[in-house]
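Here is the structure we will look at.
The values are calculated or read from the model by the stated rules, or taken from the named source; none is laboratory data. What you see is a predicted model, and the numbers here were worked out from it, not measured in a lab. Quick reminder, even Gly has a Cβ in these numbers, built from the backbone with ideal geometry, and neighbours come from all protein chains shown. Only protein heavy atoms, including side chains, enter the accessible area calculation; ligands, DNA and RNA are left aside. Shrake-Rupley method; radii C 1.70, N 1.55, O 1.52, S 1.80 Å.
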Amino acid sequence: MIAVMLMSVALIAGLCVLAYTLAVYALPFMLAIEAARFAYATGSGLIGAGLVGLVAGAAAYGLLVFAFASLRSPVLRLIVALVFAAPAAVAGYALVHGVTGDAVPSEV
């Protein structure tokens, strides 16, 4: 019984680490998906759309990290951090809502 409890704690800790890692990359992933959808809709094909999405996601992540590292003003760094953190907050909320929606039924 104690082994099962320890395994569940380890699993929850692992899922928290995974959720944090995925939340960090929420904005670049979202931009990559939208760029790939746009490229596919304009007729670039499946492989071309995947390449466009990969380049767009990497460029978005690189630009945000570069902007955060190179800016000296705390206000501008806060703005970049908020732009990076807003989709992460939405993704975290959706993750918690999805997990607890099945575990804790509520009428509210």
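Seen against the Cα atoms of the chain and their longest principal axis, helix 74-103 is set at about 40 degrees. Calculated from the structure, semi-axes √(5λ) of the Cα gyration tensor in Å equals which of (i) 32, 22, 15; (ii) 31, 15, 12; (iii) 28, 15, 10? Answer label, from the structure shown: (i). Across region 14-22, computed HN-Hα scalar couplings (Karplus, 6.51 cos²θ - 1.76 cosθ + 1.60, θ = phi - 60°) run x, 5, 5, 5, 5, 5, 5, 4, 5 Hz from first to last residue, x flagging Gly and Pro.
When the residues 77, 37 are ordered by accessible surface, computed with a 1.4 Å probe over the protein chains alone, the sequence from largest down reads 37, 77.
The long axis of helix 26-41 is offset from the longest Cα principal axis of the chain by roughly 50 degrees. In the context of the full set of protein chains, residues of region 50-93 present 68 Å² of accessible surface per residue (probe radius 1.4 Å, heavy atoms only). Within the assembled protein chains, the solvent-accessible surface assigned to residue 8 is about 50 Å², based on a 1.4 Å probe. Set the Förster distance to 35 Å, then compute FRET efficiency between residue 90 and residue 2 from the Cβ-Cβ distance, nearest 0.05. Efficiency at R0 = 35 Å is approximately 0.40.
Only protein heavy atoms count here; on that basis, with a 1.4 Å probe, residue 100 has an accessible area of about 60 Å².
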